[in-house]
Amino acid sequence: MYLRSQYWNLLKLLRAEVPGCENMKLEQPSVRAMSCNGQHRLDGEVFMTGDHLWNKTWDDSIAVSNSVPDIYCIDGKSHYCVDVGILPYEVPYRAIVAKKYKNLLCPGNAMSVSFTVRTCMSHVVQSIQTGQAAGTASALAVKNGTTPKELNVRLLQDQLRRDGAVVKLDQISRECMDMYRERSRTLKAQEQ
C-alpha cells in the first residue's frame, strides 16, 4: 500500500517541478509494474530480438553489450541457451524510446526487447548503460528545448563518449574483438 501512495507523491512532484509534466497522468498504478519479472516492457521505436545479438550495429547505438541470454526455466535452473560465442553487439536508442510518447524513456529491464534479449539487458551493467543514456538524453532534450524522442541522437552519442561510454562497436579495439571471435570459434567447435 505504501508503494502505491508513492506513485501519487511522485506524480505531484513531477507535475509541480518538471517542465512539460504539468499535465502528466498516471495510468493503472501497480506494484507489479515495479517488479523485475519482465512482464512490463516498453512498446518502443525498435523491438530487439535474439537475432539482434549477433554483432548487430545500429546508427543510433547508445551502448555495446556482450551479455548472453540467461534464461531461467521452469525447473528453476539458469540455462545459457545461446552462449555459442556471441560477439559484442550494439544497443539502439530507439529500444528505450516509447513509440507513442515524446517524453518517455525506459532503460534496462523495461526496454523494448523480447524475453530472450531482456535476459541480457536486465543485468546491472546493461541497466547502467541504458540508464546513463536515458538520463543523458533527458538532460540534453531539456537543454536543447526538445523531447527525448526528437533528440538528435548524434548529440547523445557524442556526450556519452565524452563521459567515457562505449556506444559503437568501432570503439572496441581490434585485439579485443579478435579475442571474442576466437572464443566464438572455440565454443562452436566444442558444440560439434
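No value in this document is a laboratory result; all are computed from the given coordinates. Note that the coordinates shown come from a computational prediction; the quantities given were computed from them, not determined experimentally. Methodologically, a virtual Cβ is constructed for each residue, glycine included, from the backbone with ideal geometry; neighbour enumeration extends over all protein chains shown.
For a quick check: with amide H placed at 1.01 Å from N, whose amide H comes under 5 Å from LEU87's, ignoring anything fewer than 5 positions away on the same chain?
Hits under the 5 Å cutoff: ASN55.
I need the calculated FRET efficiency for the pair THR49 and VAL125, taking r as the beta carbon distance and R₀ as 30 Å, to the nearest 0.05.
0.90
At 7 Å along the Cα-to-beta-carbon direction for both ALA189 and HIS40, put a label point, then send me their distance in nm to one decimal.
4.8 nm
What pairs in LYS56/LYS168; LYS56/LYS100; LYS56/LYS99 have C-alpha atoms more than 18 Å from each other?
The answer is LYS56/LYS100; LYS56/LYS99.
Sort MET111, MET177, MET48 so that the residue with the fewest other Cβ atoms within 10 Å of its own Cβ comes first and the one with the most comes last.
Going from least to most buried by this count: MET177, MET48, MET111.
Starting from the Cα-Cα distance between GLN171 and CYS21, subtract it from 0.36 nm times their residue separation and give me the gain in nm to one decimal.
Extra length from GLN171 to CYS21 when fully extended: 50.4 nm.
Neighbouring Cβ atoms within 10 Å as the yardstick, rank ASP60, ASP51 fewest first.
Ascending number of Cβ neighbours within 10 Å: ASP51, ASP60.
Before anything else, pin down the relative contact order of the stretch 38-191: Cα pairs under 8 Å, at least 6 apart, normalised by residue count, whole percent.
With pairs under 8 Å counted, the relative contact order is 30 percent.
In terms of modelled amide H atoms, which long-range or inter-chain residues lie less than 5 Å from the amide H of ILE62?
VAL91, TYR93
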